[in-house]
Amino acid sequence: MSEAGQQWDTGLYDAHHSFVTRYGADLLNLLNPQPGERILDLGCGTGHLTQQIAASGATVVGMDHAAAMVEQARANYPELTFFQGDAANFQVESPFTAVLSNAVLHWVLTPEQVLASVYAALLPGGRFVAEFGGQGNIALLSAGILAALDSLGYSPPARPVWYFPSPAAYATLLEAAGFRVALLAHFDRPTRLDGEHGLRNWIAMFGGPLLVNVPPDARAALVEAAERRLRPTLYRDGAWYADYVRLRVVALKTAG
Ligand code: BEZ
């Protein structure tokens, strides 16, 4: 994960947000890691997907911006290598055959810098396989939180807090960075959140950047107001759903 100012609660992440890793399994199929490959897991979180890549026989290294995530990943998988690094500005000693990134790149508001770093980290012929929030991601969820903020008299954040590009915009950036776009998909993926408190757990885990102007002792009331507003659209069949829209990418560093 990668976002200055975002506090990561690794316990809450592993306890209630395992869907992040579960959906990452699809991405792993697309990556199709092979024994002998060297793969970077960019934004490895607590390391579960990194471990699944390692199980394929590839050599894998996990990188995360958050020290707490790196520490937890090392505790979860002491046999694997993890390091702290910024997705928008990192260098590697020896280049990789592939870079994988799951549910991370919407946290980084400087995508050109991410793509330059990824491109430099790949061998010629290497592939960049990523999935993150695309245009329209959490439109209902964030509108509900913003409406709750307004109803209680709190200001929204002054600037965008996440990056959810359209496929056209992201393809342009990939090509400008030197990649050939082999696959670019933009699709809805309503995501069931864990349990009756799924929405409040999601806000506690990920919503901090939207709540910067809410004092800590007012957050519970804000969350309740958001739940009231969002229940008609995001609660069904006994569960909360986040209105995720994904961008899935396979891009190649063409040889030569
Ligand atoms: C996402 O996975 O789409 C997401 C997660 C946290 C904040 C914003 C978006």
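The values are calculated or read from the model by the stated rules, or taken from the named source; none is laboratory data. Keep in mind it's a predicted model, so treat the numbers as computed, not measured. For neighbour counting, all protein chains shown are included, and Cβ atoms are generated from backbone atoms with ideal geometry for every residue, glycine included. The accessibility values were calculated without ligands, DNA or RNA, using every heavy atom of the protein model including side chains. Shrake-Rupley method; radii C 1.70, N 1.55, O 1.52, S 1.80 Å.
Averaging sequence separations of C-alpha pairs under 8 Å and six or more residues apart, then dividing by the length of the chain, give the relative contact order as a whole percent.
Numbers: 504 pairs, mean separation 56.1, N = 256.
Computed over the chain, the figure is 22 percent.
Mind checking the per residue accessible area of the range 137-180 for me, 1.4 Å probe, whole number of Å²?
Values: 2170 Å² over 44 residues.
With the other protein chains kept in place, the range 137-180 gives 49 Å² per residue.
For Gln84 and Leu140, calculate 0.36 nm times their separation in residues minus their Cα-Cα distance, and state this gained length in nm to one decimal.
Difference between extended and current length: 16.9 nm.
How far apart, in nanometres, would the label points at Ala120 and Phe19 be if each is projected 7 angstrom from Cα along the Cα-to-Cβ direction?
Here the modelled spin labels are 3.7 nm apart.
In nm, to one decimal, how far is the modelled label at Glu112 from the one at Ala55, with both set 7 Å along Cα→Cβ?
Label at Glu112, label at Ala55, 4.1 nm between them.
Based on the alpha-carbon gyration tensor of the range 1-156, what equivalent-ellipsoid semi-axes (square roots of 5 times the eigenvalues) come out, in whole Å, largest first?
The answer is 29, 17, 15 Å, longest axis first.
Among bridges DSSP assigns within the chain, what percent are antiparallel (round to 5)?
On the way: 21 of 39 bridges.
Rounded to the nearest five, the antiparallel share is 55 percent.
Over the alpha-carbon set of the range 129-208, divide Rg by the Kirkwood Rh and report the Rg/Rh ratio to two decimals.
Using Cα coordinates only, the ratio equals 1.05.
Would you mind telling me the share, in percent, of accessible area of the range 155-209 contributed by carbon and sulfur at probe 1.4 angstrom?
56 percent
Once Rh is set to the Kirkwood radius over Cα pairs, what Stokes-Einstein translational diffusion coefficient, in µm²/s, holds for the range 101-256 at a temperature of 37 °C and a viscosity of 0.692 mPa s?
The diffusion coefficient I find is 193 µm²/s.
Given a 1.4 angstrom probe, what's the average accessible area per residue across the range 58-107, in square angstrom?
It amounts to 42 Å² per residue over the range 58-107.
Please give me, ordered by residue number, the GluC sites (Glu not before Pro) of the range 147-256 that lie in loop per DSSP and have at most 15 other Cβ atoms within 10 Å.
Numbers: sites: Glu175, Glu196, Glu224, Glu227; in loops: Glu196.
Sparse-neighbourhood loop GluC sites (Glu not before Pro): Glu196.
Show me the GluC sites (Glu not before Pro) within the range 28-94 that DSSP assigns to loop and that have at most 11 other Cβ atoms within 10 Å of their Cβ.
When the GluC sites (Glu not before Pro) of the range 28-94 are filtered for loop state and at most 11 Cβ neighbours within 10 Å, Glu79, Glu93 remain.
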